[in-house]
Amino acid sequence: MRLAIAAVFVSAALVSCGAKTDLDLRGAGAIGPGPVDSCAALAAAVCDRTLACSPATVTLGAGRARSFRDREECVGRVALGCRAWGQARDTTWSDAMASACATRWQRAPCAVAVTDFNDELLGCGARLGTRALGAACASSIQCQSGLCRLRDGMCGTCAARSMGPPETQVGGPCRDGRFCSIPQGCLENVCMYSSVEGEACGGCVPSLTTRCEAGRCAAMPAVPVGEGCGNVEGPATRRPPLCESASDCVNRNDFGSGRCRALVREGEACDAFGERQCQFPSRCVRGRCALPSEDCR
């Protein structure tokens, strides 16, 4: 995993700031060409900030199908997703929102950037869609809640971003049925942002690309396409090895072990839980990788 998908995967490190990562970016104007390409600006801000904070976040396949080979691929794929959002049905995503989110990304603390990079909407806001809870959806950009819970990687329904009430914010407990608000992770029963490489740790949030080694968070080891991945290091390690850039660990067995397979793109055959996973921003819909602008109707 070289360079890790910053811009499509961000919000990192245990920052003592409990600031919300969602922004109310509602505004007017459709995404489209203009004097300033807001989607290109957003993509550059996301990828550059994430790479500066945590290269591993951008390049390691951590199960979100968002890892990129390099900055150029990261910027291109994030910009593609941004433009597709603006073409989706029932969304308020606009050129003005993309510009506002780009500005936010440029000055985001590393802890926030790394965490948001792994959020489907890049932390750009949870109030961008018009569809209510329970409505059919193909992408989170269509939902008022900011989360489309897909069924088998295909069409899904708009759902609450928290798995159970009430949501727990950064620093709060995550036990006894309480879950962390997205995109925070739960470590030792406390909600926190994911950690970035080089940061002092007593433990790194285990949902992304780092683990604690000698008191510092370090990037997880990565293995090439075709090699075994998942729980192959043994029970003594905090995290199993991940897959290299533009690949993901698929076909895991009951013990969590699988094999690295290259990601596929829009129009190509895919399997939501098989060997052919779609690369961000595409999703597997009816056996083919599709952009978020495609609907389930």
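The values are calculated or read from the model by the stated rules, or taken from the named source; none is laboratory data. Just so we're clear, the structure is a prediction, and the values are computed from it rather than from any experiment. Neighbour counts run over all protein chains shown; Cβ positions are idealised from the backbone, glycine included.
Only residues that are over 17 Å from ALA98 (Cα atoms), crowded, with 23+ Cβ neighbours inside 10 Å and among the small types (Gly, Ala, Ser) were counted in region 42-84, giving 6.
Is it the case that ARG239 is basic (Lys, Arg), at pLDDT 65 or above and either part of a loop (DSSP other than H, G, I, E, B) or under 27 Å from GLU275 (Cβ atoms) (or both)?
Working: basic (Lys, Arg): yes; at pLDDT 65 or above: no; either part of a loop (DSSP other than H, G, I, E, B) or under 27 Å from GLU275 (Cβ atoms) (or both): yes.
Against the criterion (basic (Lys, Arg), at pLDDT 65 or above and either part of a loop (DSSP other than H, G, I, E, B) or under 27 Å from GLU275 (Cβ atoms) (or both)), ARG239 does not qualify.
For ARG131, the conditions (1) under 20 Å from SER293 (Cβ atoms); (2) buried (at least 24 other Cβ atoms within 10 Å of the Cβ) are fulfilled apart from (2). Listed residues ARG127, ARG151, ARG71; which is among the charged types (D, E, K, R), more than 25 Å from ARG261 (Cα to Cα) and more than 13 Å from the chain's Cα centre (by Cα)? That would be ARG127, the only listed residue that is among the charged types (D, E, K, R), more than 25 Å from ARG261 (Cα to Cα) and more than 13 Å from the chain's Cα centre (by Cα).
Just for region 67-88: of the residues that are in contact with a strand residue (DSSP E or B) (Cβ under 9 Å, 6 or more places away or on another chain) and not aromatic (Phe, Trp, Tyr), which one is nearest to LEU147 (Cα to Cα)?
Going through region 67-88, the residues in contact with a strand residue (DSSP E or B) (Cβ under 9 Å, 6 or more places away or on another chain) turn out to be 67-68, 74, 85, 88.
If we keep only those that are not aromatic (Phe, Trp, Tyr) too, we end up with 67, 74, 88.
Numbers: SER67: 21, CYS74: 22, ALA88: 14 Å.
Filtering region 67-88 for residues that are in contact with a strand residue (DSSP E or B) (Cβ under 9 Å, 6 or more places away or on another chain) and not aromatic (Phe, Trp, Tyr), the one nearest to LEU147 (Cα to Cα) comes out as ALA88.
From the list GLU120, GLU197, GLU167, GLU213, exactly one residue is of a type in the set (D, E, K, R) and at pLDDT below 70. Which is it?
On the way: GLU120 fails: at pLDDT below 70; GLU197 fails: at pLDDT below 70; GLU213 fails: at pLDDT below 70.
Sole residue among the options that is of a type in the set (D, E, K, R) and at pLDDT below 70: GLU167.
Quick check on region 111-141: of everything there that is part of a helix (DSSP H, G or I) and hydroxyl-bearing (Ser, Thr, Tyr), which residue is farthest from GLU197 (Cα to Cα)? Within region 111-141, the match that is farthest from GLU197 (Cα to Cα) is SER140.
Within region 54-110, the set of residues being among the hydroxyl-bearing types (Ser, Thr, Tyr), under 30 Å from GLY274 (Cα atoms) and assigned to a helix (DSSP H, G or I) comprises THR57, THR59.
Is at least one residue of region 2-22 surrounded by fewer than 19 Cβ atoms within 10 Å (Cβ to Cβ), in a loop (DSSP other than H, G, I, E, B), at pLDDT 50 or above and of a type in the set (D, E, K, R)? There is no residue in region 2-22 that is surrounded by fewer than 19 Cβ atoms within 10 Å (Cβ to Cβ), in a loop (DSSP other than H, G, I, E, B), at pLDDT 50 or above and of a type in the set (D, E, K, R).
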